[in-house]
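The values are calculated or read from the model by the stated rules, or taken from the named source; none is laboratory data. Note that this is a predicted model, so its numbers are computed, not measured. In this analysis, Cβ positions are derived from the backbone assuming ideal geometry, glycine residues included, and neighbour counts consider all displayed protein chains. To get the accessible areas, we keep the full protein, side chains included, count just its heavy atoms, and leave off ligands, DNA and RNA. Shrake-Rupley method; radii C 1.70, N 1.55, O 1.52, S 1.80 Å.
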Amino acid sequence: MANLEVINLSHSYGPKQVLQGVNLRVEAGQVVALVGPSGCGKSTLLRAILGTHPPTSGKVLVGDKFVDQPTRDVGIVYQHYSLYEFLTAKQNVAFGLMLDQTSTPFRWFNYPAWHKLRREHLQQAEQFLDKVGLLSARDLYPSEMSGGMRQRVAIAQALIMEPSVLLLDEPFGALDEATREELQLMLLRLYEENVRAREEGHVPPYTVIIVTHELNEALFVSDRVVGLSQYHKDGANGATIVYDRAAPVFRPDEPKDLSRFVEQKEELVRCIFSPNQQKDHRAFITFWTDHEKAGIAQPSA
Ligand SMILES: Nc1ncnc2c1ncn2[C@@H]1O[C@H](COP(=O)(O)OP(=O)(O)OP(=O)(O)O)[C@@H](O)[C@H]1O
Ligand SMILES: [Mg+2]
């Protein structure tokens, strides 16, 4: 069973069709970069997966459940994600667990049990802050943090809920270059946890879709790149997936050698940005068939 399956999804705003026939299957542990021209419908697709804006037609499956409203199975972090200003980093990260696992009467009338649970939540919050490299900032309030730190807290806040899929919509878009690179490395470290889990026979814990308009970032942080674009034969009826291939996998301690993927970047640019309506985009949707060729069986749906 895939962590996420988008089946023949289309979306219109009034008479304007934005997305058509989007199909995408994402397995546990994949970090998928979603790229495409501005306004092609990337955020619309994420909102359908999140469940806040169900599609006009088609389905979204997370695990074995159809999505028709937001649940804790799907997390999201935006470019300008707001934290609770009156809570510290640690309290912000623990907040979702508290809401999910306790009710107000429970907190009022079963104080000892609540107190114990609260301590556990805060301990877990520390673990997740550590994963995003922010343990030492656990007692800071958002007003005392930089933009990069706030985004890390937001990501920890989403990860602690252990979502089947974490959606990141241009999460580093507002950060300066150096901070952005630090956060990219943070994602690579999370990916390493996936690799380790797989080697040890466990289900990899982090499944991510990251929207970015930076193609270098897309290829650097992901293990798979998906291109969404209106530039295809039937483009007047909305964007669809025109590119789906494996991306080179980098380790966090490896130099960020961009030259290794110049060709793939050019291929991606041609696929998603070139307004040649006649090209056959299916030739670039090869992620699962490439997998099969490499001897890795395609997981059954
Ligand atoms: N609520 C809405 N009502 C009407 N049109 C909308 C609405 N939300 C988005 N759109 C339109 O749908 C198209 C896709 O928008 P969307 O925000 O999904 O694109 P995007 O790929 O995320 O763009 P960007 O890269 O700029 O973030 C755009 O043309 C946008 O103007
Ligand atoms: Mg967007």
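Condition first: open to solvent by less than 20 Å² (accessible area, probe 1.4 Å), assigned by TED's automatic domain parsing to the domain that holds P205, closer than 24 Å to Q79 by Cα and more than 15 Å from ligand 2 (Cβ to nearest atom). Can you find one or more residues in segment 7-17 that meet it?
No - not one qualifying residue is present in segment 7-17.
With respect to D130, is the statement that it is assigned to a helix (DSSP H, G or I) and open to solvent by 50 Å² or more (accessible area, probe 1.4 Å) true? So that I can check it myself, show each step before the final result.
Numbers: assigned to a helix (DSSP H, G or I): yes; open to solvent by 50 Å² or more (accessible area, probe 1.4 Å): yes.
In short, yes.
Being away from ligand 1 (no atom under 11 Å from the Cβ) and free of Cβ contacts under 8 Å to residues at least 12 places away in the same chain is the filter here, so list the residues in segment 38-66 that pass it.
K65, F66
Tell me which strands (runs of 3 or more DSSP E) are completely within segment 181-296 and hold 1 or more residues being of a type in the set (K, R) and in contact with a strand residue (DSSP E or B) (Cβ under 8 Å, 6 or more places away or on another chain), or say none if there are none. Before you say what the answer is, go through the steps one by one.
Values: elements: 208-211, 224-229, 240-246.
Where strands (runs of 3 or more DSSP E) fall fully within segment 181-296 and carry at least 1 residues being of a type in the set (K, R) and in contact with a strand residue (DSSP E or B) (Cβ under 8 Å, 6 or more places away or on another chain), they are 224-229, 240-246.
Inspect all residues belonging to segment 173-182 and state whether any of them is surrounded by 21 or more Cβ atoms within 10 Å (Cβ to Cβ) and within 16 Å of the chain's Cα centre (by Cα).
Within segment 173-182, not a single residue is surrounded by 21 or more Cβ atoms within 10 Å (Cβ to Cβ) and within 16 Å of the chain's Cα centre (by Cα).
Out of all the residues in segment 22-32, which are open to solvent by 20 Å² or more (accessible area, probe 1.4 Å) and either within 9 Å of ligand 1 (Cβ to nearest atom) or in contact with a strand residue (DSSP E or B) (Cβ under 8 Å, 6 or more places away or on another chain) (or both)? Break it down into steps so the answer makes sense when it comes.
Going through segment 22-32, the residues open to solvent by 20 Å² or more (accessible area, probe 1.4 Å) turn out to be 23, 25, 27-28.
Scanning segment 22-32 gives N23, R25.
Taking segment 209-233, which residues are open to solvent by 10 Å² or more (accessible area, probe 1.4 Å) and within 16 Å of ligand 2 (Cβ to nearest atom)? Even if it seems obvious, please write down each step before you answer.
Step one: of segment 209-233, the residues open to solvent by 10 Å² or more (accessible area, probe 1.4 Å) are 213-216, 223, 230-231, 233.
H213, E214, L215, Q230, listed by residue number.
Given the residues L140, L175, which is the only one that is part of a loop (DSSP other than H, G, I, E, B), away from ligand 2 (no atom under 16 Å from the Cβ) and free of Cβ contacts under 8 Å to residues at least 40 places away in the same chain?
Details: L140 fails: free of Cβ contacts under 8 Å to residues at least 40 places away in the same chain.
Just a single option satisfies the conditions, and that option is L175.
Tell me the residue from V74, V35 that is open to solvent by less than 70 Å² (accessible area, probe 1.4 Å), of a type in the set (V, I, T) and within 16 Å of ligand 1 (Cβ to nearest atom), please.
None of the other options fit; the residue is V35.
Looking at (1) within 13 Å of ligand 1 (Cβ to nearest atom); (2) farther than 25 Å from V221 by Cα; (3) open to solvent by 80 Å² or more (accessible area, probe 1.4 Å), find the lone condition where Q69 falls short.
(1)
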